[in-house]
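Okay, so here's the structure we're looking at.
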Amino acid sequence: MQLFIIRHAQSVNNEIYARTGGSKGRLPDPPLTDVGWRQATRLANHLARPVDFGQPDPLNHKGFELTHLYCSLMQRAVETGTAVAEAIGLPLGAWEEIHEYGGIFEEAAESGKRIGLPGPNRAYFEANFPHLTLPETLGDDGWWNRPVEPREQALVRAESFVRGLLARHGDCDDQVAIVTHGGFAYGLMHALFGFQPVNTRYEKEVDVWFKFNNSSITRVDIDRRGISLAYQNRVDHLTPDLLSF
C-alpha cells in the first residue's frame with residue numbers, strides 16, 4: 001500500500017495566523033480562502049495527470065493512480081477533497097478519525113478558553129456536499145459534539161487510525177490518499193515511525209516537528225517488509241506565490 005498524506009489547502013484561519021501571528025477572529029470550522037481554492041485546484045489537476053506506466057516511479061514523476069480517497073469532516077478538508085475527487089473521478093469518503101487535534105471549538109472572547117462545539121450534522125453535509133460518503137454513525141447532533149481534545153490524545157488517535165488503515169488496505173496494493181491536517185499528520189508520522197517528540201541528543205532539548213505546507217503531499221509506503229518514507233511535504237504543483245502554511 002502507498003499512503004498519500006495530503007494537508008488541506010489554505011483555510012481562513014491559516015490566513016489569519018499568517019497575517020497576524022495569532023488566532024483572534026478564527027472560525028471554529030473555517031472554509032478555504034481564495035488562495036486555498038487555487039491551491040486545491042492545482043493539487044487536483046496534479047493528482048489527475050495521466051499515469052505513464054513503465055519503470056518504477058518512486059517520486060510519482062509519472063503520475064498518480066489513486067484507488068481510494070478520504071477526508072476528515074472539517075470543512076477545509078472536505079472542500080480540498082471535493083476538488084480532488086471531482087478531478088480524478090474517485091468517490092470521497094469521510095473518515096472522522098483524521099480530523100485536526102482539538103476538534104471543533106471556539107475561543108471565549110475574554111478568557112481565551114476553548115469550548116467544544118457540536119460541528120456540522122448529517123443534514124448539513126447532505127445539503128452542501130451530497131457526493132461525500134458519510135459515516136453511518138453521523139446523525140442530527142453534529143459530528144464533534146464533545147469537549148476540546150487534548151493534543152496528546154491526537155497521538156493515540158493516530159495510532160488507532162493506522163490500525164484501521166491496515167485493516168482496510170494493509171494486504172492490498174492500494175494507493176490511498178487522505179486529506180487531513182498538519183497536527184494530525186504530525187501524529188500520524190509519530191504513529192508510523194515511532195520517533196520521539198523531543199530530541200535530547202544535543203546541548204538542549206528541542207522539539208521534533210514535520211512541516212506540512214497547505215496542499216502538500218507526503219507519501220509513505222507500507223508493506224510486509226516494512227514502512228518507508230518515499231517523500232515528505234512536496235508542493236511541486238504550486239507556484240511560489242501560492243506557498244503557505
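The values are calculated or read from the model by the stated rules, or taken from the named source; none is laboratory data. The shown structure was predicted, so the numbers you read here are calculated from the model rather than taken from an experiment. Here Cβ is always computed from backbone atoms with ideal geometry, including for glycine, and neighbour counts include all displayed protein chains. With ligands, DNA and RNA removed, areas are computed over all heavy atoms of the protein, side chains included. Shrake-Rupley method; radii C 1.70, N 1.55, O 1.52, S 1.80 Å.
What to note about this one:
- Computed from backbone phi with θ = phi - 60° and the Karplus coefficients 6.51, -1.76 and 1.60, the 3J(HN,Hα) list for region 100-111 is 5, 5, x, x, 8, 8, 10, 9, 4, 4, 8, 8 Hz; x is used for glycine and proline.
- Bridge orientation summary for the chain: considering DSSP beta bridges with both residues in this region, about 55 percent are antiparallel.
- Nitroxide proxy distance, nm - points 7 Å out along Cα→Cβ at E106 and F53: 5.4
- Computed over the chain: relative contact order in percent, which uses C-alpha pairs under 8 Å that are six or more apart: 28
- Of L166, L155, L43, the residue with the greatest mean-square motion in the GNM of the chain, using alpha carbon springs below 10 Å, is L166.
- Solvent-free Debye scattering, log10 I(q)/I(0), computed from the Cα coordinates of region 109-176 at q = 0.19, 0.21 Å⁻¹: -1.02, -1.07
- Convex hull volume per residue for region 55-152, taking Cα atoms only, in Å³: 149
- Sites R201 and Q153 - FRET efficiency at Förster radius 41 Å, r taken between beta-carbons, to 0.05: 0.90
- Cα→Cβ-extended label distance, 7 Å offset, between A18 and S160, nm: 3.2
- Each eigenvalue of the Cα gyration tensor of the chain, multiplied by 5 and square-rooted, gives one semi-axis; in descending order these are 27, 22, 19 Å.
- Nonpolar atom fraction for the chain, defined as the carbon and sulfur part of the 1.4 Å probe accessible area, stands at 51 percent.
- Residues considered: D207, D140, D174. Largest GNM mean-square fluctuation over the chain, using C-alpha springs under 10 Å, is found at D207.
- Karplus-derived 3J(HN,Hα), 6.51/-1.76/1.60, for each residue of region 155-171, Hz, glycine and proline x: 5, 5, 5, 4, 5, 5, 4, 4, 4, x, 4, 5, 5, 7, 10, x, 9
- Gaussian network model of the chain, Cα within-10 Å springs - most flexible of I98, I88, I16: I16
- Partners for K113 among aspartates and glutamates (Cα-Cα distance below 19 Å; same-chain residues under 8 apart left out): D29, E100, E149, E152
- Among 72-79, 99-106, 31-38, 17-24, sorting by the average number of other beta carbon atoms lying within 10 angstrom of each residue, highest first, gives 72-79, 99-106, 31-38, 17-24.
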